[in-house]
Amino acid sequence: MVLRGIGQPLELETRAEPVPGPGQIRVRIEACGVCRTDLHVVDGDLHHPNLPLVPGHEIVGIVEAHGADVTTPGLGARVGIPWLAHTCGHCRYCATGRENLCDEPAFTGYSRDGGFATHAVAEATFAFSLEGFDDPVAAAPLMCAGLIGWRSLAIAGDGGRIGLYGFGAAAHILAQVCRWQGREVYAFTRPGDTAAQAMALTLGAVWVGGSDELPPELLDAAILFAPVGALVPQALRAVRKGGRVVCGGIHMSDIPSFPYQLLWEERQLVSVANLTRQDAVDFLAIAAKANIRTTTTVYPLEKANEALADLRAGRFQGAAVLVP
Ligand SMILES: [Zn+2]
Ligand SMILES: [Zn+2]
């Protein structure tokens with residue numbers, strides 16, 4: 001499913017199977033999650049996608065061919081392929097364990113073709129073993145919603161009271177991680193979104209409410225997954241002195257001005273960008289141990305446009321997953 005121009009529907013196209021280059025693998029795709037970032041790519045919120053482009057960066061598939069010099073992951077292995085497709089390995093960020101900020105990165109389904117397809121190629125060292133994950137549909141949302149949620153939580157710190165703004169794919173995974181770690185989850189949804197609030201309660205949230213409400217107790221940290229800048233001052237109001245507000249999305253509407261008093265007392269406002277390969281290794285180990293269950297709505301690959309439209313309109317709970 002190919003994006004030919006910003007704002008246009010994806011088009012079904014038949015291509016020859018991609019040939020893995022040196023250091024690459026080709027996977028037969030079993031499932032690919034649909035992420036809000038895909039919407040930002042299609043809408044042109046993220047600049048200069050590599051058109052024509054196959055979007056999709058929550059890929060689960062089976063390795064079926066090796067490029068030159070590749071032996072692992074082995075043929076037949078199930079792997080996950082995330083947003084981070086390549087890093088330079090020598091910039092100041094790569095050299096200091098922050099390859100998520102690499103100066104010359106490549107991203108799956110943005111600067112390189114991604115997973116809204118039957119096959120994809122990826123660099124072998126940017127693919128992750130999904131041994132033990134027997135359900136490819138259930139595993140797909142882990143590859144971005146789960147991973148970015150995990151990195152956001154790490155940056156939020158080790159506080160016990162965590163607020164999650166926007167209870168979609170990322171939050172529904174992260175709520176389970178928080179609970180497994182013994183933290184309390186406070187879930188903020190679109191005001192009146194009783195379906196999302198019910199889901200948050202099912203997943204162990206100790207409190208649910210609208211994003212315009214304040215929690216009964218001040219939070220240690222809040223993570224924003226909703227791409228709504230107006231929630232930033234709201235979240236700052238909800239955290240305690242020294243608390244942290246983490247913006248977990250790649251794009252957000254403008255943040256309105258707010259009184260300095262909301263930031264005062266060493267509250268911190270930070271963003272999370274991309275992921276490192278170590279994040280993937282750490283999170284996938286946790287996801288297996290914590291027995292994370294994802295809620296998914298499956299669409300056949302050729303219904304990718306419908307999946308994107310439903311995500312935009314908030315018509316399903318959890319995550320959408322395309323299956324070729
Ligand atoms: Zn994503
Ligand atoms: Zn780099």
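The values are calculated or read from the model by the stated rules, or taken from the named source; none is laboratory data. Because the structure is a prediction, the values reported are computed rather than measured. All Cβ positions, even for glycine, are placed from backbone atoms using ideal geometry, and neighbour counts span all protein chains on display. Remember, those area values only see protein heavy atoms, side chains included, never the ligands or the DNA or RNA. Shrake-Rupley method; radii C 1.70, N 1.55, O 1.52, S 1.80 Å.
Descriptive notes on the structure:
- Cα gyration tensor shape of the stretch 182-256, rounded if a/c is under 1.5, else prolate or oblate by comparing a/b with b/c: oblate
- Restricting the stretch 1-70 to trypsin sites (Lys or Arg not before Pro) that sit in a DSSP loop and have at most 12 other Cβ atoms within 10 Å of their own Cβ leaves Arg4, Arg15.
- Cβ-derived FRET efficiency at R0 35 Å, Asp134 paired with Glu217, nearest 0.05: 0.35
- Phi angles across the stretch 77-90 convert, under the Karplus curve 6.51 cos²θ - 1.76 cosθ + 1.60 with θ = phi - 60°, into 3J(HN,Hα) values of 6, 8, 10, x, 10, x, 4, 6, 9, 6, 9, 6, x, 9 Hz, Gly and Pro given as x.
- Note on the chain: with charges restricted to the Cβ of Lys and Arg (+1) and Asp and Glu (-1), its dipole about the Cα centre is near 540 debye.
- On Cα atoms only, tilt of 277-289 relative to the major axis of the chain in degrees: 70
- Three-way shape call for the stretch 237-324 based on the alpha-carbon gyration tensor, with the a/c threshold at 1.5: oblate
- Pairwise label distance in nanometres, Ile255 with Leu101, each label 7 Å out on the Cα-Cβ vector: 1.6
- For the stretch 214-220, 3J(HN,Hα) per residue [Karplus equation, 6.51 cos²θ - 1.76 cosθ + 1.60, θ = phi - 60°, Hz, x = Gly/Pro]: 9, x, x, 10, 5, 8, 6
- Between helix 169-180 and the chain there is an angle of about 70 degrees, using the helix long axis and the longest principal axis of the Cα atoms.
- Relative to one another, the C-alpha centroids of the stretch 183-200 and the stretch 232-260 are positioned 18 Å apart.
- Peptide packing for 314-324, 257-267, 281-291 was compared via the average number of neighbouring C-beta atoms within 10 Å per residue; ordered from the highest value, the list is 314-324, 281-291, 257-267.
- Three-way shape call for the stretch 146-271 based on the alpha-carbon gyration tensor, with the a/c threshold at 1.5: rounded
- As a ratio to 2.2 N^0.38 Å, the alpha-carbon radius of gyration computed for the chain takes the value 0.97.
- Those residues of the stretch 170-200 whose amide nitrogen sits under 16 Å from the label point placed on Lys289, 7 Å along Cα→Cβ: 176-183
- Relative contact order of the chain, defined on C-alpha pairs under 8 angstrom at six or more residues apart (%): 19
- Considering all C-alpha pairs of the stretch 1-144, those separated by over 22 Å amount to 38%.
- When Thr294, Thr14, Thr189 are compared by accessible area at a 1.4 angstrom probe, the order from most to least is Thr14, Thr294, Thr189.
- With respect to the chain, whose longest principal axis is taken over its alpha-carbon atoms, helix 304-313 is tilted by about 10°.
- By a 1.4 Å probe calculation restricted to protein chains, Asp69 has an accessible surface near 150 Å², given to the nearest 10.
- Full-extension gain in nm, Arg4 to Asn50, via 0.36 nm per residue minus C-alpha separation: 15.6 nm
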